[in-house]
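Enquirer: Have a look at this one.
The values are calculated or read from the model by the stated rules, or taken from the named source; none is laboratory data. It should be emphasised that the depicted structure is a prediction, and the values quoted were computed from it without experimental measurement. All Cβ positions, even for glycine, are placed from backbone atoms using ideal geometry, and neighbour counts span all protein chains on display.
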Ligand code: SF4
């Protein structure tokens, strides 16, 4: 994933087809960014990226990997697959979130945790290798979800990966008209945004949690630390920020410490002396 | 309260599954092959899940009743624990469950009868003269989700018929209705864990107030049930002598010492890797940022702090309860 970028919330959208992408690109104000292997779009602040993967789980997996490196995301980046899927009974244009994603080939399943306020119902999604009009009971059928989900999992946690599908065909209306796909997605842009907002919030929260303590860089510039000591330093500074937020650790340490070892001793000793008050826990 | 229920194939038609599903008609139902598919995968965020945990209905296949960790006991010569559930309704910041499991979902094993068979087997393996303790609140709170699990309702009649088997229900809940509806018997102890009110308010999220828990404890004692008192974990803070003294005094003002089967103290200790996992989840938590340090693979308060707290609290308990009712409960000793 390269250097950890200084991002807060970050969302990567993955869609299979240009007609699925079009309304999303417009809605989120994205602009063309690159088109070497896949077409990628991003907003001005580069907090939202969109990639058009093409059809199939292999393409979806490749697109996720590509976007992960291009968008310089990190483990706090949220991933969101929006697309169309078939369903035996649900009417065309129904919006559904995936609560289980099963690979028809291997039988393996993934379970996106239901932690969001969803604007729609949920269902299991079955990812198949070839287009089919055979709709298993109660399941959505698509061609990308498992490739998308399994690959996104290499970069972030389950809670930050979700799939939203619009029913494009069913047992009565199974001649999918790609010309209508953009319209179907457009009808659900508010719902897509509701989910996107929540994913961005989770991304911000995770990003905050993983952020190194603010003084770490300055300490590393001021003194030399081995890898193990740098790790200890990070933990001590994290505690300092929580326990003595009004005091600058660098200002306190500079007059007292000659080297990294002394810094660690100094910080440890100062933290030991902080009284633990029940009211401030 | 429960929005999502995962149902393992094996328990789809179990009567307890049907009962629970009927209680949550609006919950989303998701089928899974084995509960581990949902609960065990790496890369889950316990903290995010904890806001909206799902219920997983599952069958347990093995390891129903396990030997309790070294140092865990309340007087029986043999100590075992069993977990009808994994994870807890509450969210105590010092809870080891958040560092132990990948997921915050509640796993409920519906095959209670298999646990009962395993308890009988353990009893058969021990001598008739031996008192055997079975701890139930190790991986969950024994009472907090009673309205869903029906655990107490199912297990009280079972233990009543096995006087040699002592059941400990460990809890921070006030859900004692099922016990109050039942005629008390000797070999069941409902053990309440406490930290002082000012600590509880800050660190035991979602847990009923200390005063309500004391009230629940008193009700049980009055009804004739044996109760236990667990000061576990002991949490260090300035003036801990006073706050623990007030806590113990408040408890014994409400609960007659004769009703107390046992008291115990538990130090705050985490295996180092578990502590690191919990801090990664809650880097913004001041309790975890406190004066805990690694020693021999464990993260604890410094020895003198731990010893001082133990000594003070032991003396406080000693004012009400005789020495022979005092036990140490120190997993990972
Ligand atoms: S009540 Fe017990 S099991 Fe539940 S969160 Fe608190 S410490 Fe953990």
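Enquirer: What is the one condition in (1) in contact (Cβ under 8 Å) with a residue 12 or more places away in the chain; (2) under 18 Å from residue B:206 (Cβ atoms) that residue B:111 does not satisfy?
Expert: So residue B:111 meets the others, but not (2).
Enquirer: Select, from B:249, B:277, B:213, the only residue that is within 14 Å of chain A (Cβ to nearest Cβ), at pLDDT 95 or above and in a helix (DSSP H, G or I).
Expert: Being within 14 Å of chain A (Cβ to nearest Cβ), at pLDDT 95 or above and in a helix (DSSP H, G or I) holds for just one of B:249, B:277, B:213, which is B:277.
Enquirer: Same structure, new question: Somewhere in region A:23-44, is a residue in the same structural domain as residue A:129 (by TED's automatic domain parsing), assigned to a helix (DSSP H, G or I) and touching a strand residue (DSSP E or B) at 6+ places or on another chain (Cβ under 9 Å)?
Expert: Within region A:23-44, the subset in the same structural domain as residue A:129 (by TED's automatic domain parsing) is A:23-44.
Add one more test, that the residue is assigned to a helix (DSSP H, G or I), and what stays is A:23-27.
Checking which are touching a strand residue (DSSP E or B) at 6+ places or on another chain (Cβ under 9 Å) leaves us with A:24-25.
Yes, the conditions are met somewhere in region A:23-44.
Enquirer: Which of (1) more than 14 Å from chain B (Cβ to nearest Cβ); (2) at pLDDT 95 or above is the odd one out, the single condition residue A:174 does not satisfy?
Expert: It fails just one condition, (2).
Enquirer: In region B:220-240, is there at least one residue being farther than 23 Å from residue B:153 by Cα, away from the ligand (no atom under 16 Å from the Cβ), surrounded by fewer than 23 Cβ atoms within 10 Å (Cβ to Cβ) and away from every other protein chain (no Cβ under 14 Å)?
Expert: Among the residues of region B:220-240, not one is farther than 23 Å from residue B:153 by Cα, away from the ligand (no atom under 16 Å from the Cβ), surrounded by fewer than 23 Cβ atoms within 10 Å (Cβ to Cβ) and away from every other protein chain (no Cβ under 14 Å), which makes the answer no.
Enquirer: When you scan region B:292-307, how many residues do you find that are surrounded by 16 or more Cβ atoms within 10 Å (Cβ to Cβ) and out of contact with any helix residue (DSSP H, G or I) (no Cβ under 7 Å at 6 or more places or on another chain)?
Expert: Going through region B:292-307 one residue at a time, the tally reaches 4.
Enquirer: With a cut-off of at least 3 residues that are over 24 Å from residue A:51 (Cβ atoms), name the strands (runs of 3 or more DSSP E) lying wholly within region A:93-155.
Expert: It comes to A:121-127.
Enquirer: A further question on this structure: Being at pLDDT below 95, away from every other protein chain (no Cβ under 14 Å) and over 21 Å from residue B:49 (Cα atoms): is that true of residue B:172 here? Steps first, please.
Expert: Details: at pLDDT below 95: no; away from every other protein chain (no Cβ under 14 Å): yes; over 21 Å from residue B:49 (Cα atoms): yes.
So residue B:172 fails the test.
Enquirer: Another one. Of all the residues that make up region B:300-333, how many are in a loop (DSSP other than H, G, I, E, B) and modelled with pLDDT of 95 or more? Outline the logic, then answer.
Expert: Initially, region B:300-333 is screened for residues in a loop (DSSP other than H, G, I, E, B), giving B:302, B:319-322, B:329-333.
Among the residues that remain, those that are also modelled with pLDDT of 95 or more are: B:319-322.
Looking only at that region, the number is 4.
Enquirer: Regarding residue A:202, is this residue within 13 Å of another protein chain (Cβ to nearest Cβ), touching a residue at least 40 places away in the same chain (Cβ under 8 Å) and touching a helix residue (DSSP H, G or I) at 6+ places or on another chain (Cβ under 7 Å)?
Expert: On the way: within 13 Å of another protein chain (Cβ to nearest Cβ): yes; touching a residue at least 40 places away in the same chain (Cβ under 8 Å): yes; touching a helix residue (DSSP H, G or I) at 6+ places or on another chain (Cβ under 7 Å): yes.
When the stated conditions are applied, residue A:202 passes them.
Enquirer: Can you list residue pairs whose Cβ atoms sit under 9 Å apart, with the first residue in region B:85-98 being free of Cβ contacts under 8 Å to residues at least 24 places away in the same chain and the second being assigned to a loop (DSSP other than H, G, I, E, B) and within 7 Å of the ligand (Cβ to nearest atom)? Count only pairs 6 or more apart in sequence or on different chains.
Expert: So the pair list comes out as B:95/B:88.
Enquirer: Counting just the residues of region A:256-274 that are away from chain B (no Cβ under 14 Å) and surrounded by 14 or more Cβ atoms within 10 Å (Cβ to Cβ), which one comes out farthest from residue B:289 (Cα to Cα)? Show your work before the answer.
Expert: If we filter region A:256-274 for residues that are away from chain B (no Cβ under 14 Å), which is where we start, we get A:256-263, A:266.
Now narrow it down to the ones that are surrounded by 14 or more Cβ atoms within 10 Å (Cβ to Cβ): A:257, A:260-261, A:263, A:266.
Numbers: A:257: 23, A:260: 21, A:261: 21, A:263: 18, A:266: 17 Å.
Among those that are away from chain B (no Cβ under 14 Å) and surrounded by 14 or more Cβ atoms within 10 Å (Cβ to Cβ), it is A:257.
Enquirer: For residue B:288, which of the numbered conditions (1) buried (at least 17 other Cβ atoms within 10 Å of the Cβ); (2) more than 19 Å from residue B:194 (Cα to Cα) fails to hold?
Expert: Exception for residue B:288: condition (2).
Enquirer: Kindly provide the set of residues from region B:49-60 that are surrounded by fewer than 22 Cβ atoms within 10 Å (Cβ to Cβ) and in contact (Cβ under 8 Å) with a residue 24 or more places away in the chain, ordered by number.
Expert: Taking region B:49-60 first, the residues surrounded by fewer than 22 Cβ atoms within 10 Å (Cβ to Cβ) are B:50-52, B:59-60.
Selection gives B:50, B:52, B:59, B:60.
Enquirer: Identify, from the list A:53, A:65, A:75, the residue that is modelled with pLDDT under 95 and either under 17 Å from the mean Cα position of the chain (by Cα) or farther than 30 Å from residue A:170 by Cα (or both).
Expert: A:75
Enquirer: Going by what's in this entry, would residue A:182 be described as closer than 30 Å to residue A:136 by Cβ, touching a strand residue (DSSP E or B) at 6+ places or on another chain (Cβ under 9 Å) and assigned to a helix (DSSP H, G or I)?
Expert: Against the criterion (closer than 30 Å to residue A:136 by Cβ, touching a strand residue (DSSP E or B) at 6+ places or on another chain (Cβ under 9 Å) and assigned to a helix (DSSP H, G or I)), residue A:182 does not qualify.
Enquirer: Can you tell me which residue within region A:220-247, out of those that are farther than 24 Å from residue B:282 by Cβ and exposed (fewer than 14 other Cβ atoms within 10 Å of the Cβ), is nearest to the other protein chains (Cβ to nearest Cβ)?
Expert: Among them, the one singled out is A:227.
Enquirer: Another question, if that's okay. Which count do you get for residues in region B:184-214 that are more than 16 Å from the ligand (Cβ to nearest atom), farther than 27 Å from residue B:73 by Cβ and surrounded by fewer than 16 Cβ atoms within 10 Å (Cβ to Cβ)?
Expert: Residues that pass the stated criteria total 1.
Enquirer: Answer with yes or no whether residue A:252 is out of contact with any helix residue (DSSP H, G or I) (no Cβ under 6 Å at 6 or more places or on another chain), more than 11 Å from every other protein chain (Cβ to nearest Cβ) and not in a helix (DSSP H, G or I).
Expert: no
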